[in-house]
Amino acid sequence: MNPVARLFGSLANALLDLGLPTIREWLRDRVGPAADVAHVSTEGALVHLDGVKIPIGTKGLLALDRATAAITALGRAGLPEVQLYAFAGVLAFGDGEHWFRADVSFASSPDPDESAWIAGDLEIRNASWSARTGSPKTNPMNGHARLFVSSSAWRIEGGRLDGEIFRGRFAGAGAFDGAEPSETDDEGGELPLVPPALTTAALSLEHARVGPFLDAVSGLSGRAIAIPPFVPLDAELEGELSWALADGARVELRVAAESIRATLRGRVGPTGRDLVGRIDAHVRPALLVRGALVPREVVPREEDVLAAALDVGGHVRRPEVKGTIQGAEIGFRLGR
């Protein structure tokens, strides 16, 4: 064994000698007071952590069967500094009623940045979520991303998820030294729009369905996301969503189904109070009304189309909608 291997092997043993309570304290100091580890063992310069639990915000939990870290140096506090080498476990979000879960595994890059706690490839498998009544049945999604985490920042790059009813790309970045979110905004009674630790985020929907997409978002946020009743849950959905801490959110989505075709464009400021949006839609009322099981005498003709132009403003949690709905004519076939 060469001198460097002997050094880091002895550091790993020194970490083990500190005892599980000290190691738990070290983990909680870095990722939060609710973090936990059940068992620690060493193998040369590697440290194996079994039964690791890392909370993510108020709704998420990363539960790892095993995480393996490599000793890289001796820290100033006397504890060895480590760099994550690999892990396998489950990532879950939700509140019981609305949930999202996925099997995840990680492998470190061959030559990671020295400042990184985590730098490498993240694999996502069997991603699934709770579904509302009427949503199309889904098969699990699979994907991957590049993950970087240091003492002050994190980022996800080149993210991709693929499934039967969803194909898309994602990315994001954030900082760990941002201010803690307050429980209310300055108007009172509301949580912040986005946690300060999220500085950028982007999602590109190449192919999706309205119902499953919103179900997945509901699971990640832990609360139901409502949609207008005239939008079919199996409607096709594509477009772009993005967030930047300085500028706020931007959205451009296209919805297509037999009964409706719509485009939604908008932006909202970082505080959530500067919502500006536009919805342009063409709707076939016969298909919407027929789905409500009403008498056939009140079902419009199949060929009739309504055009809607709606302007949206105000606060993102209390939107104000103004616009027009026009149709050249609406006819009914009453029969004899």
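The values are calculated or read from the model by the stated rules, or taken from the named source; none is laboratory data. The structure presented is a predicted model; accordingly, all values stated were derived computationally and were not measured. No Cβ is skipped: glycine too gets one built from the backbone with ideal geometry, and neighbour counts run over all protein chains shown. SASA here: full protein model, heavy atoms, side chains in, ligands and nucleic acids out. Shrake-Rupley method; radii C 1.70, N 1.55, O 1.52, S 1.80 Å.
Consider only pairs whose beta carbons are under 8 Å apart and that are at least six residues apart or on different chains; among these, list those whose first residue lies in region 147-171 and is in contact (Cβ under 8 Å) with a residue 24 or more places away in the chain and open to solvent by 30 Å² or more (accessible area, probe 1.4 Å) and whose second residue is of a type in the set (Ser, Thr, Tyr) and outside any strand (DSSP E or B). That search, which allows pairs on different chains as well, returns Ser151/Ser115; Glu164/Thr138.
Which of the residues that make up region 114-132 are farther than 26 Å from Ser218 by Cα and touching a His at 6+ places or on another chain (Cβ under 6 Å)? Those that are farther than 26 Å from Ser218 by Cα and touching a His at 6+ places or on another chain (Cβ under 6 Å): none in region 114-132. The residues of region 302-319 that are in contact with a His (Cβ under 7 Å, 6 or more places away or on another chain) and either among the β-branched types (Val, Ile, Thr) or outside any strand (DSSP E or B) (or both) amount to a single one, Val305.
Each residue in region 287-297 was checked for being open to solvent by less than 60 Å² (accessible area, probe 1.4 Å) and closer than 12 Å to Ile260 by Cβ, and 2 of them qualify.
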